[in-house]
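Structure, as structure tokens:
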Amino acid sequence: MKNFITAFVFLSAAVAASAQDALTSEYNYSPFRRIVVNDGFDFSIVNSEDYSVRLSADADIFTYAHAFVKDSTLFLELDSEAFPSDVKKRLSGKDSPVLFLRAEIGVPDIDVVEIHDNAVMDSKEPFTCGNVSLVVDGSAMIAGLEISADCVSLDLTRNSSASVSVKADSLKVVSSALASVTVAGSTVYSAFKALGNSSLTVNCVSDECRIASESAAEVSVSGKADVFSVTGRAGSIVNAEDMLSDKADVSLSMASHCTLGKTDSLSVDLIGGSHLIVDGNPPIQISRILSSSVTHPE
């Protein structure tokens, strides 16, 4: 059920792409630990002492934009099925205007953020929290999020995408299906997994960085790590030529491919027609090299 303490409504001076005036409401809520965003919202999360939402939308759809808390979860939803016929007609067709639908969420801390449909999360300013999990699916997007946290988990699937800058003790990222992820960060520990036909671009400085890639996934990694680990399976491609490390461990199978930057020491386990290209001449500890090869850049 809707759970808010105060609401202030006023006509803003902003004009949406549809040339309609926008209405804005501000709400305060009891505490929530999870955020679920659907239906094409653009939104950002900012640090605040209170739990609040500033909701803005085109005047003719404002009544159908909802922000409510249930079971410690904030939901942002647009009830487009309830639009009047004239609004539906105006918004249909290839030349229909772009909806203006925006929310700014204020929280002291948050545990989970789920982004669905065509929703877009951006960053008005760097956000600080404890442990947070970001889940993105559909055609949803995270655009330029800056976050500082103890632990960050990022999970993307379907056609979703994300561009994230992270400062954390621990960072874990999983991309699958057709998802596309770009991550820059400074961490103590980081782990990245690319599955399906997803793509993952990483630039990070970590004490320990682990990469796992499977199938047609493509991974590009740069930065610096004390310990760097690559696991490639089922024809995956990992480009780590700009990743420097003190110690590297590479395991490839089923015709996977990895290009590795300079490292002080290297351990390899290569099978099934895999190929590792190594920059420099580090001492190599070989577990297996079966029907596979290790070469240097041409």
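For the pairs 124/172; 193/224; 89/124, note any where the Cα-Cα span goes beyond 26 Å.
Working: 124/172 23 Å; 193/224 18 Å; 89/124 33 Å.
With Cα atoms farther than 26 Å apart: 89/124.
The helix-only estimate of mean residue ellipticity at 222 nm for the chain, built from DSSP H runs of length n ≥ 4 each weighted as -39500 (n - 2.57), is -500 deg cm²/dmol after division by the residue total.
Which of the GluC sites (Glu not before Pro) across segment 48-90 are loop residues per DSSP, with 10 or fewer other Cβ within 10 Å?
Working: sites: 49, 77, 81; in loops: 49.
Answer by residue number: 49.
Going from the residue with the fewest nearby Cβ atoms within 10 Å to the one with the most, 45, 286 rank 286, 45.
Approximating the spin labels as points 7 Å out from Cα along Cα→Cβ, the residue 169-to-residue 218 distance works out to 3.7 nm. Here each label is just a point 7 Å from Cα along the line to Cβ, and for residue 73 and residue 227 those points are 3.7 nm apart. Spatially, segment 225-298 and segment 77-131 are offset by 43 Å when compared through their Cα centroids. The GluC sites (Glu not before Pro) of segment 186-235 include none that DSSP puts in a loop with a beta carbon having at most 13 other beta carbons within 10 Å. Taking Cα centre as origin and charging only the Cβ of basic (Lys, Arg, +1) and acidic (Asp, Glu, -1) residues, the dipole magnitude of the chain rounds to 480 debye. By DSSP, what percent of the beta bridges with both residues in the chain are antiparallel, rounded to the nearest 5? So the antiparallel bridges amount to about 15 percent of the total. Note on the chain: the alpha carbon radius of gyration divided by the globular reference 2.2 N^0.38 Å gives 1.19.
Every number here is computed from the coordinates shown, using simple stated rules; none is lab data. Bear in mind the structure is a predicted one, so any value in this text is a computation, not a measurement. Reconstructed Cβ throughout: ideal geometry from the backbone, glycine too, with neighbour counts over all protein chains shown.
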